Amino acid sequence: MKLSVQSNSKAPKTCDFHVLLVCQNKNLTLKETPYEKETKTIIDTVIEKKIFTAKKGETKTLFGKQSVILVGLGEKEKLTPDTFRQAIGTVSRLLESNKSTNASITMDSDVEVTPRDVQAMAEGFEMGHYSFTEHLTKKKTKEPITNLIFCGLKIDKQDQEAALNKGLAIGKSVNIARDLANAPANYLTPTDFVSKAKKHFEKSDVEIEIIDHKQAEKAGMGGLLGVSKGSIEKPYLLVLKYLPNKDEKPICLVGKGVTFDSGGISIKPSSKMSEMKADMSGAAAVFGAMSAVNTIGYKKNIIGIMPLTENMPANNALKPGDVITISNGKTVEILNTDAEGRLILADAISHAVTLEAKEIVDLATLTGACLVALGTVASGLFSNSDSLIKTFEKGCKNTGEELWHLPLYEQYKDLLKSDIADISNCYEGRFAGASTAAIFLQEFVAKTPWVHLDIAPTMSNGKSSGADVKGMSGSGVRTLIEYLDN
Ligand code: BES
Ligand code: MG
Ligand code: ZN
């Protein structure tokens, strides 16, 4: 697949489909279209009869001498990069189902685009026609869309091409994260995850360090080892290092990698337990982001840290009431073995602190409570740094990944008091579950500026729409890249 640009808006004759993006307007008429006269007449009729009104998300496919897809963007004043991302996401699926191999994309004269919008369109294009077919014996035959030509955008050609390439890299990385999260837990154990990383980053500028259970023991990673005890699968701390600068402290991206969370001895109810194959979505996002970091070629030192384990019940599993010691020396009383994510993150974050991280961002499908609080619309944003909160909140406008800032009141720490250890791993009451989990993590960041994203709410898409595809979402990749850009 190739994205290219053409300076004039005249639709190339070689294209089998033409996409026109249109803003909603009370008296919608198209001043000019880049198409042949009879095609314009058909489009004018469809608009005149209000068959197409350019509402956000609306599409109309017209077949004629020239086949056209009209795409509504909604009101001009409300355009964001995400409007374009979602629109092109839908377009990519429509082109695919119409077996297009070569399509043009043109904006109505009313529509203004920025390079960030162009980047978002490439992201949406890659994301929109994603599917997870790994385990289907009869795979749907897919005609790949070979060529997509952006016509007549009023942006310097080189800037357009750079934005498209960056968007493609990010879209691909989102799909990498989706592939990992969609993978069944019997196909993606911690060992499989590590193998995939080895293969993926083999010929890249990313160096791989694999801390296995023996090294984890030496380093005293009682959180990671404790959680993994009940599983036959060995745990790993996977570290991906992208270090273009000698003497610069790294930014550390930490992702929860529980390849299956049964809850352990505090076992979960069976309904929807299958979704817990995606309890490694944080690690998947970090893997995806590191892949984009390598392709885009950042000039910063960036390290991805992924604690990988299963959380299973067994005779030798961690038990409620047990006490474990995290690698930074803190002791934790386990009240509920299903609050396992924070235990492995405690070791991973402590590792980031020993690497002298300049900033730490962790992503984790950490709490059902966050999902209860926010629904599936936004991830929870927690931080000890006001300026990082601003950076991430600002980023949402570009990424379309909503984040909602939730509190880290000191009082929550009282809820984690243990009689026999430094801290307990959870608050057993019903309230503020997302914040008490975040407060637990804060115990391990020392003074490092830190952001915690609870991505449990946005882990999956219930249906396909725009750039979103039903299944695991690849949540967090775009947010991480946007953060690195700033
Ligand atoms: N992986 C779950 C959180 C989760 C729930 C993610 C739903 C995605 C969808 C996590 O390990 C967990 O089990 N958390 C517990 C914490 C509780 C025991 C304090 C929860 O949220 O119930
Ligand atoms: Mg759990
Ligand atoms: Zn979990």
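Descriptive notes on the structure:
- Neighbours of Phe382 by Cβ distance under 11 Å: Lys/Arg scored +1, Asp/Glu scored -1, total -2.
- Long-range HN-HN contacts of Ser460 with modeled amide H, under 5 Å: Ser473
- Here the Karplus relation 6.51 cos²θ - 1.76 cosθ + 1.60, evaluated at θ = phi - 60°, turns the backbone of the range 40-48 into coupling constants of 4, 4, 5, 4, 4, 5, 4, 6, 4 Hz, with x for every Gly and Pro.
- With neighbour counts taken as other beta-carbon atoms within 10 Å, the residues Tyr298, Tyr130 rank, fewest first, as Tyr298, Tyr130.
- Local electrostatic count at Glu123 - Lys and Arg +1, Asp and Glu -1, tallied over other residues with Cβ under 14 Å: -1
- Distant-in-sequence amide contacts of Asn102, defined by a placed amide H-H separation under 5 Å and a gap of 5 or more residues or a different chain, comprise Asp16, Phe17, Thr146, Asn147.
- Protection proxy ranking, highest mean first, for peptides 194-206, 272-284, 324-336: 272-284, 324-336, 194-206, where packing is the per-residue count of other beta-carbon atoms within 10 Å, averaged.
- Calculated over the range 2-155, the projected area of the Cα convex hull averaged across directions stands at 9.2 nm².
- Size of the chain: Rg and Dmax of its alpha carbons, in Å, are 23.9, 81.
- Cross-linked pairs Lys246/Lys417; Lys413/Lys463; Lys172/Lys229; Lys249/Lys413: Cα-Cα separations exceed 32 Å for Lys246/Lys417; Lys413/Lys463; Lys172/Lys229.
- Which of Leu188, Ile267, Leu164, positive extreme of dipole for the chain (C-beta unit charges): Leu164
- Rounded to the nearest 500, the helix-only mean residue ellipticity at 222 nm of the chain stands at -10500 deg cm²/dmol, with each DSSP H run of n ≥ 4 adding -39,500 (n - 2.57).
- With θ taken as phi - 60° and the Karplus curve 6.51 cos²θ - 1.76 cosθ + 1.60 applied, the whole-hertz 3J(HN,Hα) list for the range 325-339 is 10, 7, 4, 8, x, 6, 9, 10, 8, 7, 9, 8, 6, 7, 8 Hz, x standing for glycine and proline.
- Put in line by how crowded their Cβ is, counting other Cβ atoms within 10 Å and starting with the fewest, Val372, Val68, Val323 read Val372, Val323, Val68.
- Cα-centred dipole magnitude for the chain, charges only on beta-carbon of K, R (+1) and D, E (-1), debye, nearest 20: 1460
- Beta bridges per DSSP with both ends in the chain, % antiparallel, nearest 5: 35
- The range 201-359, relative contact order [Cα under 8 Å, separation at least 6], %: 34
- Applying 1/(1 + (r/R0)^6) with r as the Cβ-Cβ distance of Ile51 and Ser274 and R0 = 45 angstrom yields a FRET efficiency of 0.60.
- Straight Cα distances below 21 angstrom link Lys26 to the lysines Lys40, Lys49, Lys50, Lys55, Lys56, Lys60, Lys76, Lys78, with same-chain residues fewer than 8 positions distant left out.
- Electrostatic dipole magnitude of the range 355-410 [Cβ: Lys, Arg +1; Asp, Glu -1; Cα centre; debye, to 20]: 180
- Where chymotrypsin sites (Phe, Trp or Tyr not before Pro) fall in DSSP loop in the range 23-115, at most 13 other Cβ within 10 Å: Phe63
- For Asn384, the residues whose modelled amide H falls within less than 5 Å of its own, excluding neighbours fewer than 5 places apart on the same chain, are Trp450.
- Karplus-derived 3J(HN,Hα), 6.51/-1.76/1.60, for each residue of the range 455-462, Hz, glycine and proline x: 9, 3, x, 9, 4, 9, 10, x
- Here Asp338, Asp82, Asp362 are placed in order of increasing Cβ neighbour count within 10 Å, fewest first, which gives Asp338, Asp82, Asp362.
Just so you know, all these numbers are worked out from the coordinates, no wet-lab data involved. Not measured: the values here are computed from a predicted model. So basically every Cβ, Gly included, is an ideal-geometry build from the backbone, and we count neighbours across all protein chains shown.
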